[in-house]
Amino acid sequence: MSFSQRCKKEVLKKDPISVTGEIISLMHFIGSIRINMGGYNIKFETESNSYARYIYNLIKDLYDYSPTFEIYDKSERDRVFIVLVEDNKISEELVEKKNNGFIDNFSDIEEVSLDDIKSFLKIAFIYKGSINDPQRGYNLEIIAREKHELKLIKDSMNTFDLNAKVNDRGDYYIVYIKDSDKISDFLAIIGANRSLFELENVRAMKSIRNNINRQTNFDKANIDRTVKASLRQVDAIKEVINSDKYDSLSNDMKEIASIRLENPYISIEEIGEMMDPVMSKAKVNYRLQKFIKIAEDL
């Protein structure tokens, strides 16, 4: 099961944020009207059993009525699950809720209650959205069919400062979030707390690995610089020894030269500690640089 599927499954196990808000959102996204002799019925169609069961229980709890649950084989591997409200009165109430609801009459997000916004985002994500596995990158998106729906999805996200972006695909739109902090916020809004913790754990592990890699690269660069400088010092010392300048050098210069030639990869601090008497890092470095200067002048 993908991270996106686990996230949706988790949310479906939670109580509705707002029963009315979720019913209106379901009517908008996957509801349709089926005409019959005595009026009409409301049909909800989905390709997931758990999605259909959620709708079934939502309607049952709201109206104390058990809708019809139908299953059809779309192909050998795919099934369609239908929740059918055959009670004319309840069907009329559902249509009325939709016609008078915040989605069909949307113009300003500030006129919509926060619970309705959360319910809308929850249902939109479950039935029209997806989220990447955080191990592979950060991306959460919801598909919008037309501009009215696009504006409502984007404005709903940005009510919570999620900084949602839009990708126009021609026949439809994608409202997406790529910032991992904002994706965490979205999961908290719809009540996907377990998925939120999973995402945060991945983020923490990535941060630790990145810090280790940065430190490793930093240490490697320092080692490379140290080795390069040491070899340059060794070459300079050998040139000076082979010249007539070496005999005139002080005893501490000769001692440093001997230590460096015998220990080409130790640090300047270690050279200072091997001196008798012990010499500071600055003084050792000064004398090594002096060898390089003498060699350059030869």
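The values are calculated or read from the model by the stated rules, or taken from the named source; none is laboratory data. Please read all numbers here as calculations on a predicted model, not as lab measurements. Every residue, glycine as well, gets a Cβ built from its backbone with ideal geometry; the counts of neighbours run over all protein chains shown. The area values use the complete protein model at the heavy-atom level, side chains included, leaving out ligands, DNA and RNA. Shrake-Rupley method; radii C 1.70, N 1.55, O 1.52, S 1.80 Å.
Name the single residue that is farthest from LYS238 (Cα to Cα) among those in segment 278-297 being open to solvent by 100 Å² or more (accessible area, probe 1.4 Å) and of a type outside the set (Ser, Thr, Tyr). Working first, answer last.
The first filter runs over segment 278-297 and keeps only residues open to solvent by 100 Å² or more (accessible area, probe 1.4 Å), leaving 278, 281, 283, 286, 293, 296-297.
Within this subset, residues satisfying the condition of being of a type outside the set (Ser, Thr, Tyr) are 278, 281, 283, 293, 296-297.
Details: VAL278: 24, LYS281: 22, LYS283: 20, LYS293: 13, GLU296: 12, ASP297: 14 Å.
The residue in question is VAL278.
Within segment 156-181, restricting attention to residues that are open to solvent by less than 40 Å² (accessible area, probe 1.4 Å) and more than 19 Å from the chain's Cα centre (by Cα), the residue that is nearest to MET205 (Cα to Cα) is SER156. Taken together, the residues in segment 17-34 that are over 14 Å from ASN99 (Cβ atoms) and in a strand (DSSP E or B) amount to 2. Only one entry in ILE82, ILE103 is surrounded by 12 or more Cβ atoms within 10 Å (Cβ to Cβ), part of a loop (DSSP other than H, G, I, E, B) and touching a residue at least 12 places away in the same chain (Cβ under 8 Å), namely ILE103.
May I ask you to list the residues in segment 106-116 that are part of a helix (DSSP H, G or I) and free of Cβ contacts under 8 Å to residues at least 12 places away in the same chain? Step through it out loud before you land on a result.
Let us first name the residues in segment 106-116 that are part of a helix (DSSP H, G or I), namely 109-111, 114-116.
Those that are part of a helix (DSSP H, G or I) and free of Cβ contacts under 8 Å to residues at least 12 places away in the same chain: GLU110, GLU111.
Applying a threshold of 8 Å to beta carbon distances and a minimum spacing of six or more residues, or different chains, the list of pairs starting in segment 235-253 at a residue that is part of a helix (DSSP H, G or I) and ending at one that is surrounded by fewer than 10 Cβ atoms within 10 Å (Cβ to Cβ) reads ALA236/GLU296.
Does TYR138 count as modelled with pLDDT of 90 or more and either under 19 Å from LEU26 (Cβ atoms) or surrounded by 13 or more Cβ atoms within 10 Å (Cβ to Cβ) (or both)? No; evaluated as a whole, the condition is false for this residue. Being in a helix (DSSP H, G or I), of a type in the set (S, T, N, Q) and surrounded by 13 or more Cβ atoms within 10 Å (Cβ to Cβ) is the requirement here; does SER119 meet it? Considered against the rule, which asks whether it is in a helix (DSSP H, G or I), of a type in the set (S, T, N, Q) and surrounded by 13 or more Cβ atoms within 10 Å (Cβ to Cβ), SER119 comes out as yes. Among the residues of segment 61-79, those that are closer than 21 Å to PRO16 by Cα, in a loop (DSSP other than H, G, I, E, B) and not charged (D, E, K, R) comprise TYR65, SER66, PRO67.
Only one entry of ASP171, ASP185 meets the criterion of being out of contact with any Gly (no Cβ under 9 Å at 6 or more places or on another chain) and part of a loop (DSSP other than H, G, I, E, B), and that entry is ASP171. Residues that are touching a residue at least 24 places away in the same chain (Cβ under 8 Å) and out of contact with any Lys or Arg (no Cβ under 8 Å at 6 or more places or on another chain) within segment 15-24 comprise PRO16, VAL19, listed in sequence order. PRO264 meets the conditions (1) open to solvent by 30 Å² or more (accessible area, probe 1.4 Å); (2) modelled with pLDDT under 85; (3) in a helix (DSSP H, G or I) in every case but one. The failed one is (3).
Would it be correct to say that SER66 is open to solvent by 50 Å² or more (accessible area, probe 1.4 Å), hydroxyl-bearing (Ser, Thr, Tyr) and more than 36 Å from the chain's Cα centre (by Cα)? Yes; evaluated as a whole, the condition is true for this residue. On the stretch given as segment 54-74, residues that are β-branched (Val, Ile, Thr) and in contact (Cβ under 8 Å) with a residue 24 or more places away in the chain total 2.
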